[in-house]
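What follows is a set of notes on a single structure, which appears directly below.
Taken together, the values in this text are just the output of simple stated rules run on the coordinates, not laboratory data. Predicted model only: the values in this text are computed from it and were never measured. A quick note on method: Cβ atoms are made from the backbone with ideal geometry, for glycine too, and the neighbour counts reach across all protein chains shown.
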Amino acid sequence: MSIELILALMTGAALFGVGIYGALSQTNLVMIMMGVELILAGAMVNLLAFWRYLHPDVAAGQMFVLIIMTVMALEMAVGFGVAIARFRAKGSVEMEEARELKG
Amino acid sequence: MTTQAFFIGFFGLAAVWFGVVVFRTHSMMRSALALLFSQTALGAMFLGMQAEFLGVLQIMMMATEMSIMAIFMVMFMMDPGGLGEMEMTHQKRLSLVAGFVAFTGAAAVAVLFDWGPVVSVAPDAAQQTADLGLELLGRSMLIFETAGITILTAMIAATAVAILPIEAKTTTNEY
């Protein structure tokens, strides 16, 4: 088994774990988004490792990495849209204060 | 250990370390910068894995994205410098356990699963880019187009959510 593949997959696993911790533990919306970014980064590393070491002749692996990058950008755009709306309505983006979605 | 393994390990470790720093610092600016460094290290790792186009794209996209994130951090936070050392976490124990279980599960699969024969030679950079272009405009055209439409929809939705409603504009003089 290739040490490079294992290293890349372990990096992906670690980023995924750190991202899960961040997304669950943070109370601030922007910090939660940072956790989600790390989770997606972990998935991206795995996809690229699978492409590079198992199927380098199939470009679909790289295409899926591009899709994950797109999802990261979308998450940022929608997240900040929600954050601005929330900040304007309540003056804060603390999710502890957002338990009731009454607006 | 090959040179490639060294660079993958080094930049992978850097990416994980900066990912941890994101949630360990009280300063929001430092958090955003740590995430930027983490994503940049990933870009460098991609370059180490001979995916030149995606590596450069990752570094360029994340530099822009994290700069915007840092600006939003300063705008939204009461204490962006972290001097007050505010506690901004909850359910820490549960989160730690969930993160550890996720890491252990993924790492166990990575180590224990038999991935089959590994290909040591990757296509050269020009060939990769050409293959990716053909893939995007050929077999995966529908996925690519769907992603484009989704980005456009998200941009419109995010702008619609973020702008002030017309009735609020007419009743207040603040904006």
Worksheet, complete the sentence: Exposure proxy check on B:Ser140, B:Ser38: fewest-to-most Cβ neighbours within 10 Å is B:Ser140, B:Ser38
Item to complete: Tell me the chymotrypsin sites (Phe, Trp or Tyr not before Pro) within the stretch B:85-144 that lie in a loop according to DSSP and have at most 10 other beta-carbon atoms within 10 Å.
Response: B:Phe113
Discussion item. Helix-only mean residue ellipticity at 222 nm, chain B, DSSP H runs n ≥ 4 weighted -39,500 (n - 2.57), per residue, nearest 500. What is it?
Written reply: -24500 deg cm²/dmol
Worksheet, complete the sentence: Measuring from the longest principal axis of the C-alpha atoms of chain A, the long axis of helix A:60-90 (C-alpha) lies at a number of degrees, nearest 10, equal to 10 degrees
Discussion item. Give me A:Ile68, B:Ile8 sorted ascending by neighbouring Cβ count inside 10 Å, so fewest comes first.
Written reply: A:Ile68, B:Ile8
Worksheet item: Which whole-number value in Å³ per residue fits the convex hull of the alpha carbons of the stretch B:1-83?
Response: 62 Å³
Response to the item:
the stretch A:35-87 -> Rg/Rh from Cα coords, Kirkwood Rh, value 1.16
Worksheet entry | Label point distance in nm, A:Arg88-A:Asp57, each placed 7 Å from Cα along Cα→Cβ | 5.4 nm
Worksheet item: Rounded to the nearest 20 Debye, what is the dipole magnitude of chain B about its Cα centre when Lys and Arg each give +1 and Asp and Glu each give -1 at the C-beta?
Response: 380 debye
Item to complete: Would you mind listing how long the stretch B:54-145 runs along its three principal axes, going by Cα atoms, in whole Å with the largest first?
Response: 53, 37, 27
Response to the item:
Per the Cα gyration tensor, the protein assembly as shown corresponds to an equivalent ellipsoid with semi-axes, largest first in Å, of 35, 23, 15
Worksheet entry | Dipole magnitude of the protein assembly as shown about its Cα centre (Cβ charges: Lys, Arg +1; Asp, Glu -1), debye to nearest 20 | 460 debye
Worksheet entry | Exposed-site-free run, longest, chain B (rule: GluC sites (Glu not before Pro); DSSP loop; at most 14 other C-beta within 10 Å) | B:88-173
Item to complete: Throw me the Rg/Rh for chain B, computed over C-alpha atoms with Kirkwood Rh, two decimals.
Response: 1.05
Worksheet item: Based on the Cα coordinates of the stretch B:106-162, what is the per residue volume of their convex hull in Å³?
Response: 178 Å³
